[in-house]
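Quick note: the coordinates plus some simple rules give every number you see, no bench work behind them. For clarity, every value in this text was computed on a predicted model and none was experimentally measured. A quick note on method: Cβ atoms are made from the backbone with ideal geometry, for glycine too, and the neighbour counts reach across all protein chains shown.
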There are 4 protein chains.
Amino acid sequence: MDAAGFCAALDGIFEHTPWVAEGAHAAGPFASVSALHAALMAVVRSRPRAARIAFVSAHPDLGGKAARAGDIAPASVAEQAGLGLDRLSDAEFSRFEALNAAYRARFGFPFVVCVRRLTRDAVLDAFERRLGNDPEAELAAAIEEIGFITRLRLVERVEGSGMPNVAGRLSTHVLDTHKGGPAEGVRIELYEVGRSARALLRETVTNADGRTDAPLISGVPLRAGRYELVFHIGAHFAARGLVLPEPAFLDTVPIRFGVSDPEGHYHVPLVVTPWSYSTYRGS
Amino acid sequence: MDAAGFCAALDGIFEHTPWVAEGAHAAGPFASVSALHAALMAVVRSRPRAARIAFVSAHPDLGGKAARAGDIAPASVAEQAGLGLDRLSDAEFSRFEALNAAYRARFGFPFVVCVRRLTRDAVLDAFERRLGNDPEAELAAAIEEIGFITRLRLVERVEGSGMPNVAGRLSTHVLDTHKGGPAEGVRIELYEVGRSARALLRETVTNADGRTDAPLISGVPLRAGRYELVFHIGAHFAARGLVLPEPAFLDTVPIRFGVSDPEGHYHVPLVVTPWSYSTYRGS
Amino acid sequence: MDAAGFCAALDGIFEHTPWVAEGAHAAGPFASVSALHAALMAVVRSRPRAARIAFVSAHPDLGGKAARAGDIAPASVAEQAGLGLDRLSDAEFSRFEALNAAYRARFGFPFVVCVRRLTRDAVLDAFERRLGNDPEAELAAAIEEIGFITRLRLVERVEGSGMPNVAGRLSTHVLDTHKGGPAEGVRIELYEVGRSARALLRETVTNADGRTDAPLISGVPLRAGRYELVFHIGAHFAARGLVLPEPAFLDTVPIRFGVSDPEGHYHVPLVVTPWSYSTYRGS
Amino acid sequence: MDAAGFCAALDGIFEHTPWVAEGAHAAGPFASVSALHAALMAVVRSRPRAARIAFVSAHPDLGGKAARAGDIAPASVAEQAGLGLDRLSDAEFSRFEALNAAYRARFGFPFVVCVRRLTRDAVLDAFERRLGNDPEAELAAAIEEIGFITRLRLVERVEGSGMPNVAGRLSTHVLDTHKGGPAEGVRIELYEVGRSARALLRETVTNADGRTDAPLISGVPLRAGRYELVFHIGAHFAARGLVLPEPAFLDTVPIRFGVSDPEGHYHVPLVVTPWSYSTYRGS
């Protein structure tokens, strides 16, 4: 592929910054999509500090006026919208504005984070934690996040061998060790747990294997953050015809857990009787 | 003890109904407080249906105008106040009024329940469930509840051998099977879980044995109903200096459980590592 | 397929009894191998009692002189040899002889059991238990066992759609909830547990997923009986560099379990820390 | 107490070595038995190297000719007999003789170990491990063992406040989470597990609390070493009337564990259903 075609094919992946693709073209052709992405990021990292800062500065504020006004790169629009950052309440907007201002004042460039790998609360946690970084570490952190952002965009744009792993997986199963087999028909809810509220992400039911027909989350990064699974196990034991005291010792079982690795596999099962349960991080 | 002294000693235990003590006096003296209580209840049960209905009718409405106005037997005042039934919101008051009216219309006597053995939500559940009873079963249920009420009052009034068991116990402990020993210093919250909200009952911290210095609840009936223990286990592992990903897989662990036996022993432990936990109803 | 070809194709499946295949031919062609087997067994069950007894009587004694002498159908030779019934010690031979004699005296036909679905000890248990049956139940039991025997032989002889399920599966995995991931490199031994001794069946090592590269047993019936898995978990924790007291709380962990369903799936995992473990029958 | 009485009272505690008591007398009176023992050991440790070696040399060989002949201090006789060291087979006697000879050749004094704190196999392990020590570390190790030996003897000889802790405790309980309560009537065996065999130490049955009426071991040091508890849980579920497949998934459950702290508390419970179990080191 010639340089013009190569740059056109990658247009929009590196927000308003054509020199990244231009710089990487000479290193091709690439054995894999992962190698292509590594070459693009190597171009970024090889630039002098001022150029790297200018590059980071090409990114829009998170939850900022530009996001509200739609005045950012199309990929950014969708990414920020995925977290609802384009429709913040006034209080939330003010909070983001204050964090953005503090961050710019400290580092001289906008806060960049791969919002598709974090819950909204985890974005705020990261914002506050990174405000404490020293400037060199923070510039590296910003560029690492741009690596995550562009890796996801690239995977959606190109096809080829050696695709980088950008998807995590969250799964569960319910084993009824009172009867000695999978628990079928158990209703399960998955919530994202925020500081002040929790949001229902999915509702599903176990099949004859005690599993869900599809993973709870797959094909995309797991947003790092806090979650809660709620298993409606009391209804399961009642449906089996067990005679249990009222109210039952176990009715809805909540399992609250954190995800730290967006590309990881989290298997969070429930091994349960009417009088006991256990869970663990499996894989 | 002569009949007058006997009746005076028991005054107020059977709400406005002196004939219960009068009827039981002849059967004495009693080998135990349990035997005394059984004799008192036998007097009640031996009366004709109309007398039993009159006896039940001597009890105040639950959460009713009399309770608001303080116009009920002193023991009832304290018992209803324990559930907050003397300070219901207007909406709650209306709900109780409606249930009381429906119940009286169906059975011809007021709804009686031993409120010290139930959470407020469990009282409402019992109210609705018992509205479906047939009249004979319901009269027996009302008298059984009066047995619970008077047994508690009696235990507080008299001393003697053979006291009936009126107290339950709720306890916990936290075992850290990552380090192989009790988890000390773990903050634990105990909530009563209602239909729409949960109320903090107690907050405590584990000692060097991984237990709480005193049971979470003891010396009184456990109110039948739904509860949640929350164990702040993330802080424990952090305090041990373990290096774990951020956010940790386990931070606050909720264990939600039902109590059906107010005089039972419920031991609800947490056996935990940074990556797994189990619980069970122990004793 | 004509009758002669059909019978030739099934020769040897029903021990010395050509009329089974002859009787089933008219019912064909068969939609599935399962349907073919059902038709063959229906022929057996439709015969008068005397013919059924004669049919059962065509089977050799278990662990008897004929087995020692090799004077039985070739399929029987291999099946009995699989349990070592062709090389019993003199004491064992005497025991089988005595059981065979008692059984024949009681029922008038030889004891038949599908030896590929049982451990040697389970064969002896079945022998003793079935001696207590009444004659009708025992004749039905013998024919049911012939159903198992011939189903296995049929599956090895013919190909086609709708093969009956004759294979079980035994699998395991080891999850280290101290580190929060699969335990790799754990040595595992699988024993068959007999009355007086245990025999090593397999030795394997977990892979990076904490699983074994292949199931412990698959593709054949699980022999109903007693087993023991031994997990060398102390070496695993030592290899991870954990500093643990000497001797460690856990070194080799034995898990002893029974298999009752030869065609079932038994997943028997170990969820383990240096100070705790759990297991369950999964699927 | 005068010096003569003091020494007489302590006679025999420090094997053939009167100067230990003589040296400690001046430091008295002692606030506690622990302080008395610390003072006695301080006398030993304050002596010059040659005197300490002579002191250690006053102890008999372990499992040696003197033990067989009874030619050692009376306390040593009982202690060695407790492990069966006075009635070794010829092969074992030869093994001890060889180890004693190798040890004496390397260090110039006999191998001393507090045999009441170890199983026989753990004694052999310690023998082999300590042969690899450098001489200074080994002299200190021998004197530390004499501290354990004399602490135990002292506790049996004197009464007083501040007794040192010389007793461990091993306990268990069985919780049936299929029924939601303690498992009563479960037969339990406790074995000491040696290299080539295991020896039954105790057989007991759980009471209504799922516990044993007395701890499995208490009042004495737990011998460091390897153990196995066997729970006859299949019989328990059968006695409850559960209908389970034959053979049951769980029948006898072995739990094998190591004890490293002879004065520690080891609680090793079984939390069990017909299809699962877990255990942990509790306290």
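Dimensions of region A:11-157 based on its C-alpha atoms, expressed as ranges along the principal axes with the largest first, amount to 49, 31, 23 Å.
If you take the C-alpha gyration tensor of region C:1-97, multiply each eigenvalue by 5 and take the square root, what semi-axes do you get, largest first, in whole Å? Write out the running numbers ahead of the final one.
Working: eigenvalues 192, 42, 24 Å².
Semi-axes (√(5λ), whole Å): 31, 15, 11.
Position A:G108: other-copy label points at 7.3, 9.2, 10.6 nm, ordered by increasing distance, label point 7 Å along Cα→C-beta.
With each label modelled as a point 7 angstrom along the Cα→C-beta vector, the A:V158-A:S218 pair spans 2.7 nm.
Please report the relative contact order for region A:79-210, taking Cα pairs under 8 Å with a sequence separation of at least 6, and give it as a percent rounded to a whole number. Before the final figure, lay out the partial values.
On the way: 114 pairs, mean separation 21.6, N = 132.
This gives 16 percent for region A:79-210.
Each label was represented as a point 7 Å from its Cα along the Cα-to-Cβ direction; for D:H232 and A:S57 these points are 8.3 nm apart.
With all pairs of different alpha carbon atoms counted, what Kirkwood hydrodynamic radius in Å does region C:209-283 show?
Working: mean 1/r = 0.0711 Å⁻¹.
For region C:209-283, the Kirkwood estimate is 14.1 Å.
Residue of chain D with the smallest Cβ distance to the axis mapping D onto C, distance rounded to whole Å: D:S278, 2.
In a simple Cβ point-charge model (Lys, Arg +1; Asp, Glu -1; nothing else charged), chain D has a dipole of about 340 debye relative to its Cα centre.
First measure r as the distance between the Cβ atoms of D:E97 and D:R202, then evaluate 1/(1 + (r/R0)^6) with R0 = 35 Å and state the FRET efficiency to the nearest 0.05. Present the calculation step by step, with values, prior to reporting the outcome.
Values: r = 32 Å, r/R0 = 0.92.
It comes out at approximately 0.65.
The magnitude of the dipole of region D:151-229, with charges of +1 and -1 set on the Cβ of Lys/Arg and Asp/Glu and taken from the Cα centre, is near 420 debye.
With only Lys, Arg, Asp and Glu charged, each at its Cβ (+1 for the first two, -1 for the last two), find how big the charge dipole of region B:218-283 is about the Cα centre; round to the nearest 20 debye.
Details: 5 positive and 5 negative charges, 14 e Å.
Rounded to the nearest 20 debye, it is 60 debye.
Excluding D:G194 itself, what net charge comes from residues whose Cβ is under 13 Å from its Cβ, given Lys and Arg +1 and Asp and Glu -1?
Numbers: positive: D:R120, D:R195, D:R198, D:R223, D:R226, D:R256; negative: D:E92, D:D121, D:D125, D:E192, D:E228.
Computed value for this residue: +1.
Please compute the contact order of region D:125-283 in relative form: average sequence separation of alpha-carbon pairs under 8 Å and at least six residues apart, divided by the residue count, as a percent.
Values: 283 pairs, mean separation 39.4, N = 159.
Worked out over region D:125-283, it gives 25 percent.
Based solely on its DSSP helices, what 222 nm [θ] is calculated for chain B when runs of n ≥ 4 H residues each add -39,500 (n - 2.57) and the sum is averaged over all residues, nearest 500 deg cm²/dmol? Mind showing how you got there, number by number?
Details: 10 runs with 110 residues, N = 283.
Helix contribution divided over all residues of chain B: -12000 deg cm²/dmol.
Dipole orientation for chain D: of the candidates D:A38, D:L152, D:H236, D:A38 has the Cα lying most toward the positive pole (charges on Cβ; Lys, Arg +1; Asp, Glu -1). Projected label points at C:D2 and C:E128, each 7 Å from Cα along the beta carbon direction, are separated by 5.4 nanometres. Between D:L175, D:F109, D:A137, whose Cα lies farthest towards the positive end of the dipole of region D:95-180 when Lys and Arg beta carbons carry +1 and Asp and Glu beta carbons carry -1, centred on the Cα centre? The Cα lying farthest towards the positive end belongs to D:L175. The alpha carbon centroids of region D:1-62 and region A:59-135 are separated by 75 Å.
For chain A, would you read off the P(r) tail past 34 Å as a percentage of all alpha carbon pairs? Mind dumping the intermediate values first?
Values: 13503 of 39903 pairs.
Summing the P(r) tail past 34 Å for chain A gives 34 percent.
Kirkwood hydrodynamic radius, computed over distinct alpha-carbon pairs, for the protein assembly as shown: how many Å, to one decimal?
Working: mean 1/r = 0.0273 Å⁻¹.
Computed over Cα pairs of the protein assembly as shown, the Kirkwood hydrodynamic radius comes out at 36.6 Å.
Residues of region D:239-265 with amide nitrogen under 12 Å from the 7 Å Cα-to-Cβ point of C:A239? No residues fall inside that zone.
Which percent, nearest 5, of DSSP beta bridges in chain A are antiparallel?
Values: 29 of 36 bridges.
Antiparallel: roughly 80 percent of the beta bridges in chain A.
Sorted shortest first, the separations between the C:L201 label point and its copies elsewhere in the assembly read 3.2, 4.0, 4.8 nm; each point sits 7 Å from Cα along the Cα-to-Cβ line.
Per residue, the convex hull spanned by the Cα atoms of region A:96-227 amounts to 162 cubic angstrom.
Pairwise Cα separations in region D:86-142 fall into 10 Å bins from 0 onward with the following percentages, short to long: 22, 57, 19, 1.
For A:K179, which aspartates and glutamates qualify as cross-link partners when the Cα separation must be under 14 Å and same-chain residues fewer than eight apart are set aside? Filter leaves A:D209, D:D176. Qualifying trypsin sites (Lys or Arg not before Pro) in region D:1-104, where qualification requires a DSSP coil assignment and no more than 15 other C-beta atoms within 10 Å, comprise D:R87. Once the Cβ-Cβ distance of D:R106 and D:A42 is raised to the sixth power relative to R0 = 22 Å, the FRET efficiency obtained is 0.20.
Could you work out the relative contact order of chain D, using alpha carbon pairs under 8 angstrom and six or more residues apart, expressed as a whole percent? Kindly include the intermediate steps, with their values, before the conclusion.
Details: 461 pairs, mean separation 45.3, N = 283.
Taking the mean separation of contacting Cα pairs over the length of chain D, I get 16 percent.
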